[in-house]
Amino acid sequence: MRKIGLKDFYSYKYISSLTLSPEGDKLAYIVSTVNEEDNDYDSNLFMLRKDAAGKNWQEVQLVTDGKAGEFFFEDNDTILFSAKRGRDKKKGEEEPITVFQRLPLSGGEARKAYEFPIPVSDLRKQPDGNYLLTGETLVKYPDYFSMAEAARKKVLKEIKENEDYEELTESPFWSNGEGITQGTRNTLFHYDVKTEKLRRLTDTLFTVDCFEVIGGAAYVIGRTVESREEFKSGLYRIDIASGSCTEQVAPYLQIMEMGKIGDKLIVLGSECRRYGENENPFFYVYDTAGEEKDFRLLREADEGVFDGVISDIEYGSWRGLKSDGDYVYYMALDGARNVLRRIGLDGKAETLVQKEGALYDFDVLSGDLWVMGLYDMKLQEIYHADEKGSLRRMTGLNSRALRGRYVAEPSYICTKFHSDRYGDEEIDGWVLAPMGYEAGKKYPAILDIHGGPKCAYGPVFFHEMQHWASEGYFVMFCNPHGSDGKGNEFSYLDMQWGGIDYEQIMAFADHVLEAYPDIDRAKVCCTGGSYGGYMSNWINGHTDRFCCIATQRSIMNWITMYGVSDIPPVVCGETCNTDPYSEEGFSQMWNVSPLKYIGNAKTPTLIIHSDEDYRCPIGEGYQLFTALKYKGVPCKMVVFHGENHELSRSGKPKHRVKRLQEITEWFRIYTADTADSSSAD
């Protein structure tokens, strides 16, 4: 039996974008792999199709250049696909364009079909053969796409001359993984195939979240953003022929997604009044054929819609909702497992797939359901669901990746916890045993805390945890109060960051140590990223029970997070329930900031941060590093240039290896029999 190595994820295959053909006899999808030479990822287009007898499914690779991005079925026998990330640049120019290639599935080479002078994010063929699409536009040049060549060159020249500075006029002004986003909008267009003309359907300041087409109208979820994003969207009807727009529902909901059943729209949205900006959405229905604007509540759901069990082997894009016949299908989180459900116009939700594990993507046509997920401690594969929800594996893309390697099976452990405010709660947790475990022998351990906090761990394959188990560590992880999967009341921290969540994590750790006496209590490490990094920092200021800490992409000071993170103040109500720029607001934020308690820190700390992390900006890591150095606590900071908040999941492969290597080595230093804290200085 071999170990799970640092670089073993190089051999994993990442599946995304499951899409059925119009007749349902083909399933196309993207397979991404690590390109070690280029230190990047290749993405290729694959397809499952029925054989000549129509009984068995065969896998075919359609594109091999590693650059496949968004794709769509033009018809049952033709696919349109673009380059990775849906944008390109003309040679010698800075003009962003999107080129779609047409690929005949019966054989033959792909040929250029369409070229758009904008980055395209969605493309949908209409019954008349024309297209509706969404793409990025600049507020300063909203009609750039329709300018004559000379005018476009003038705009490009102006952009080039001004590229060394930014004029900020909007908030938020940047987004993690995208950079400066202020001054851009997601715009709806109509494309006439015969004239090759784009026509803008939404206003300059309007940004589109999603849209559906019913009859001759596009129903659009979106909002007008003038200078400050409010994150409340409305519903609008746009007549495709004339371009006239009428408001159907005024902006008052934070809307996640929309589907349709016949001439009725199903909208998922939250008023965010009871449990803040992360409140689980309700289902609403809107009758587009009604004379009055009938927008009503369909189902009061209390479930994490679209949310899933997290892992560090995620790459690509996935579907959250799909309309099919008389139902809208959607993913939800039930405890520590992903389920697939559907809802009809009667408001009743039916669970179709509920296998323990993580369901990341799906597609459905005429009730025929396909899913992609992590099941049975295996890597990603595609499965076909029968009428009872049982899954049959249809691919073996990752069948060899873990062969002969030690994969630790998660052992479930439930920790009961009582608080005056919430009463009795159960904390779901798991423990991985080290490779070669022998009863009676002492082993070091690692407590791993998830991000979010409205996320959830579960019994699925997690590369870094499996690597640590292979290196001889017990690994423990749990879902404390604040985690997703158990409804709004459980996931809402409500000004309690560092309170009940900290107490439950410590109670869980105590429970594990009691249940596993072979863990050496003097050699327990702690780590976590994002919220898990926040909690690692909080732990550092409140206990010295851990032998070392590795904090990643963390939060140190809520006062400095406000106005710098791409998480705007309006969605941070769990840490400040008043004006954040008031004395009371500063006091509230300071009380839940780990920096306030850093004077108590004694634990050797490794700090991992990326300099393009706009979710938890690198200044948070610098503050922690400076404070620990000033206080004389052994510490080290590793900065990854050009990476963002997603370093551990989709960062450059060599950077992902270096990150895990640094963390694992830090643990080794402080769990060795002759640990030397001076090595950190």
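Give me a count of the residues in the stretch 619-654 that are within 18 Å of Tyr14 (Cα to Cα), surrounded by fewer than 21 Cβ atoms within 10 Å (Cβ to Cβ) and touching a strand residue (DSSP E or B) at 6+ places or on another chain (Cβ under 8 Å).
Step one: of the stretch 619-654, the residues within 18 Å of Tyr14 (Cα to Cα) are 646-654.
Checking which are surrounded by fewer than 21 Cβ atoms within 10 Å (Cβ to Cβ) leaves us with 646, 649-654.
Okay, now just the ones that are also touching a strand residue (DSSP E or B) at 6+ places or on another chain (Cβ under 8 Å), so 650-653.
Result for the stretch 619-654: 4.
Among (1) among the β-branched types (Val, Ile, Thr); (2) more than 27 Å from Val267 (Cα to Cα); (3) touching a Gly at 6+ places or on another chain (Cβ under 9 Å), there is one condition Thr202 misses while meeting the rest; what is its number?
Of the numbered conditions (1) among the β-branched types (Val, Ile, Thr); (2) more than 27 Å from Val267 (Cα to Cα); (3) touching a Gly at 6+ places or on another chain (Cβ under 9 Å), the odd one out for Thr202 is (2).
Is one or more of the residues making up the stretch 246-268 under 21 Å from the mean Cα position of the chain (by Cα), assigned to a loop (DSSP other than H, G, I, E, B) and not charged (D, E, K, R)?
If we filter the stretch 246-268 for residues that are under 21 Å from the mean Cα position of the chain (by Cα), which is where we start, we get 254-259, 267-268.
If we keep only those that are assigned to a loop (DSSP other than H, G, I, E, B) too, we end up with none.
No: the stretch 246-268 contains no residue that is under 21 Å from the mean Cα position of the chain (by Cα), assigned to a loop (DSSP other than H, G, I, E, B) and not charged (D, E, K, R).
For the stretch 193-208, does any single residue satisfy the condition of being within 24 Å of the chain's Cα centre (by Cα) and at pLDDT 95 or above?
Narrowing the stretch 193-208 to residues within 24 Å of the chain's Cα centre (by Cα): 207-208.
Right, trim to at pLDDT 95 or above and you get 207-208.
Checked against the condition, which is being within 24 Å of the chain's Cα centre (by Cα) and at pLDDT 95 or above, the stretch 193-208 yields at least one hit.
Looking only at residues that are basic (Lys, Arg) and touching a strand residue (DSSP E or B) at 6+ places or on another chain (Cβ under 9 Å) in the stretch 259-276, which one is farthest from Glu303 (Cα to Cα)? Talk me through it step by step, then tell me what you get.
Taking the stretch 259-276 and keeping what is basic (Lys, Arg), we get 260, 264, 273-274.
Restricting the remaining residues to those that are touching a strand residue (DSSP E or B) at 6+ places or on another chain (Cβ under 9 Å) gives 260, 264.
Values: Lys260: 20, Lys264: 23 Å.
Result: Lys264.
Say we look at the stretch 377-399 and pick out the residues that are basic (Lys, Arg) and modelled with pLDDT of 95 or more; which of these is nearest to Phe461 (Cα to Cα)? Before you say what the answer is, go through the steps one by one.
Step one: list which residues in the stretch 377-399 are basic (Lys, Arg), which gives 378, 388, 392-393.
Okay, now just the ones that are also modelled with pLDDT of 95 or more, so 378, 392-393.
Numbers: Lys378: 6, Arg392: 19, Arg393: 17 Å.
Top of the filtered list is Lys378.
Kindly state which helices (runs of 4 or more DSSP H) lie completely within the stretch 456-563 and contain at least 1 residues that are touching a strand residue (DSSP E or B) at 6+ places or on another chain (Cβ under 7 Å) and crowded, with 23+ Cβ neighbours inside 10 Å. Spell out the reasoning first.
Details: elements: 463-470, 488-491, 500-515, 531-540, 558-561.
Of the helices (runs of 4 or more DSSP H) lying wholly inside the stretch 456-563, those with at least 1 residues that are touching a strand residue (DSSP E or B) at 6+ places or on another chain (Cβ under 7 Å) and crowded, with 23+ Cβ neighbours inside 10 Å span 463-470, 500-515, 531-540.
Check off (1) modelled with pLDDT of 95 or more; (2) under 17 Å from Leu606 (Cβ atoms) for Ser677 and give me the number that stays unchecked.
Of the numbered conditions (1) modelled with pLDDT of 95 or more; (2) under 17 Å from Leu606 (Cβ atoms), the odd one out for Ser677 is (1).
Scan the stretch 226-253 for residues that are within 28 Å of Ser565 (Cβ to Cβ) and surrounded by 20 or more Cβ atoms within 10 Å (Cβ to Cβ) and jot them down.
Initially, the stretch 226-253 is screened for residues within 28 Å of Ser565 (Cβ to Cβ), giving 226-234, 251-253.
Correct list: Ser233, Leu253.
Six or more apart or on different chains, Cβ under 7 Å: which pairs go from a residue in the stretch 607-619 that's within 19 Å of Thr527 (Cα to Cα) to one that's among the hydroxyl-bearing types (Ser, Thr, Tyr) and in a strand (DSSP E or B)? Could you list them?
Final answer for the pair search is Ile607/Thr551; Ile618/Ser610.
Return yes or no: is Gly69 modelled with pLDDT under 95 and in a strand (DSSP E or B)? If you could, list the steps in order and put the result at the bottom.
Values: modelled with pLDDT under 95: yes; in a strand (DSSP E or B): yes.
Against the criterion (modelled with pLDDT under 95 and in a strand (DSSP E or B)), Gly69 qualifies.
Return yes or no: is Val339 among the β-branched types (Val, Ile, Thr) and either over 20 Å from Pro281 (Cα atoms) or in contact with a Pro (Cβ under 8 Å, 6 or more places away or on another chain) (or both)? First the steps, then the outcome.
Values: among the β-branched types (Val, Ile, Thr): yes; either over 20 Å from Pro281 (Cα atoms) or in contact with a Pro (Cβ under 8 Å, 6 or more places away or on another chain) (or both): no.
Criteria not met by Val339.
Do we find that Ala439 is out of contact with any Lys or Arg (no Cβ under 7 Å at 6 or more places or on another chain), surrounded by fewer than 20 Cβ atoms within 10 Å (Cβ to Cβ) and of a type in the set (Gly, Ala, Ser) in this structure?
The answer is yes for Ala439.
Scan the stretch 427-436 residue by residue and report those that are of a type in the set (Gly, Ala, Ser) and surrounded by 22 or more Cβ atoms within 10 Å (Cβ to Cβ).
Narrowing the stretch 427-436 to residues of a type in the set (Gly, Ala, Ser): 429, 433, 436.
The answer is Gly429, and nothing else.
Given (1) among the aromatic types (Phe, Trp, Tyr); (2) closer than 23 Å to Ser648 by Cα; (3) not in a strand (DSSP E or B), identify the lone condition not met by Tyr437.
Only one criterion in (1) among the aromatic types (Phe, Trp, Tyr); (2) closer than 23 Å to Ser648 by Cα; (3) not in a strand (DSSP E or B) is unmet by Tyr437, namely (2).
Give the stretch 261-305 a look and list any residue that's of a type in the set (Asp, Glu), more than 30 Å from Cys576 (Cβ to Cβ) and buried (at least 19 other Cβ atoms within 10 Å of the Cβ), or say none. Walk me through it before giving the result.
Keep residues of the stretch 261-305 that are of a type in the set (Asp, Glu), which gives 263, 271, 277, 279, 287, 291-292, 294, 300, 302-303.
Right, trim to more than 30 Å from Cys576 (Cβ to Cβ) and you get 263, 287, 291-292, 294.
Of everything in the stretch 261-305, nothing turns out to be of a type in the set (Asp, Glu), more than 30 Å from Cys576 (Cβ to Cβ) and buried (at least 19 other Cβ atoms within 10 Å of the Cβ).
Going by the conditions given, is Ser366 polar (S, T, N, Q), under 30 Å from Glu426 (Cα atoms), at pLDDT 95 or above and surrounded by fewer than 20 Cβ atoms within 10 Å (Cβ to Cβ)? Break it down into steps so the answer makes sense when it comes.
Values: polar (S, T, N, Q): yes; under 30 Å from Glu426 (Cα atoms): no; at pLDDT 95 or above: yes; surrounded by fewer than 20 Cβ atoms within 10 Å (Cβ to Cβ): yes.
Here the answer is no, as Ser366 does not meet what is asked.
Any residue that is in a loop (DSSP other than H, G, I, E, B), under 21 Å from the mean Cα position of the chain (by Cα) and of a type outside the set (Asp, Glu) - is there at least one of those in the stretch 282-296? Talk me through it step by step, then tell me what you get.
First pass over the stretch 282-296, keeping only residues in a loop (DSSP other than H, G, I, E, B): 288-294.
Subset that is under 21 Å from the mean Cα position of the chain (by Cα): none.
Looking for residues that are in a loop (DSSP other than H, G, I, E, B), under 21 Å from the mean Cα position of the chain (by Cα) and of a type outside the set (Asp, Glu), one finds none in the stretch 282-296, hence no.
Checking Asn398 against (1) touching a Ser or Thr at 6+ places or on another chain (Cβ under 7 Å); (2) in a loop (DSSP other than H, G, I, E, B), which test does it fail?
The failed condition is (1).
Hey, which of the strands (runs of 3 or more DSSP E) in the stretch 322-363, taking only ones fully inside, have at least 1 residues that are surrounded by fewer than 20 Cβ atoms within 10 Å (Cβ to Cβ), in contact with a strand residue (DSSP E or B) (Cβ under 8 Å, 6 or more places away or on another chain) and among the polar types (S, T, N, Q)? Lay out the reasoning, then the answer.
Working: elements: 327-334, 337-343, 349-353.
Qualifying strands (runs of 3 or more DSSP E): 349-353.
If Met637 meets every condition in (1) under 22 Å from His450 (Cα atoms); (2) touching a helix residue (DSSP H, G or I) at 6+ places or on another chain (Cβ under 9 Å); (3) not in a strand (DSSP E or B) apart from one, which number is that one?
All conditions are met except number (3).
Under the condition of being surrounded by fewer than 18 Cβ atoms within 10 Å (Cβ to Cβ) and touching a residue at least 60 places away in the same chain (Cβ under 8 Å), which residue from the stretch 36-56 is farthest from the chain's Cα centre (by Cα)?
Glu36
Name the residue, out of Glu163, Glu170, that is in contact (Cβ under 8 Å) with a residue 12 or more places away in the chain and either surrounded by fewer than 19 Cβ atoms within 10 Å (Cβ to Cβ) or in contact with a Cys (Cβ under 9 Å, 6 or more places away or on another chain) (or both). Walk me through how you get there before you give the answer.
Values: Glu163 fails: in contact (Cβ under 8 Å) with a residue 12 or more places away in the chain.
Just one listed residue meets the conditions, Glu170.
Would it be correct to say that Gly243 is in a strand (DSSP E or B), in contact with a Lys or Arg (Cβ under 8 Å, 6 or more places away or on another chain), of a type in the set (Gly, Ala, Ser) and modelled with pLDDT of 95 or more? Give the steps one after another, and end with the answer.
Values: in a strand (DSSP E or B): no; in contact with a Lys or Arg (Cβ under 8 Å, 6 or more places away or on another chain): yes; of a type in the set (Gly, Ala, Ser): yes; modelled with pLDDT of 95 or more: yes.
So Gly243 does not fit the description; no.
Which of the residues that make up the stretch 33-58 are at pLDDT 95 or above, among the polar types (S, T, N, Q) and not in a strand (DSSP E or B)?
Within the stretch 33-58, Asn39 is the sole residue that qualifies.
Looking at Ser554, Ser530, Ser593, Ser587 in this structure, which one is at negative phi, of a type in the set (Ser, Thr, Tyr) and out of contact with any helix residue (DSSP H, G or I) (no Cβ under 8 Å at 6 or more places or on another chain)? Spell out the reasoning first.
Details: Ser554 fails: out of contact with any helix residue (DSSP H, G or I) (no Cβ under 8 Å at 6 or more places or on another chain); Ser530 fails: at negative phi; Ser593 fails: out of contact with any helix residue (DSSP H, G or I) (no Cβ under 8 Å at 6 or more places or on another chain).
Just one listed residue meets the conditions, Ser587.
Mind checking which residues of the stretch 391-420 are in contact (Cβ under 8 Å) with a residue 40 or more places away in the chain and under 18 Å from Met506 (Cα atoms)?
Tyr412, Ile413, Thr415, Phe417, Ser419
Quick check, is Leu391 touching a strand residue (DSSP E or B) at 6+ places or on another chain (Cβ under 9 Å), among the aliphatic types (A, V, I, L, M) and over 20 Å from Ser317 (Cβ atoms)?
On the way: touching a strand residue (DSSP E or B) at 6+ places or on another chain (Cβ under 9 Å): yes; among the aliphatic types (A, V, I, L, M): yes; over 20 Å from Ser317 (Cβ atoms): yes.
It is true that Leu391 is touching a strand residue (DSSP E or B) at 6+ places or on another chain (Cβ under 9 Å), among the aliphatic types (A, V, I, L, M) and over 20 Å from Ser317 (Cβ atoms).
The values are calculated or read from the model by the stated rules, or taken from the named source; none is laboratory data. All values derive from a computational prediction rather than experimental measurement. Neighbour counts are summed over all protein chains in view; Cβ atoms, including those assigned to glycine, are modelled from backbone coordinates with ideal geometry.
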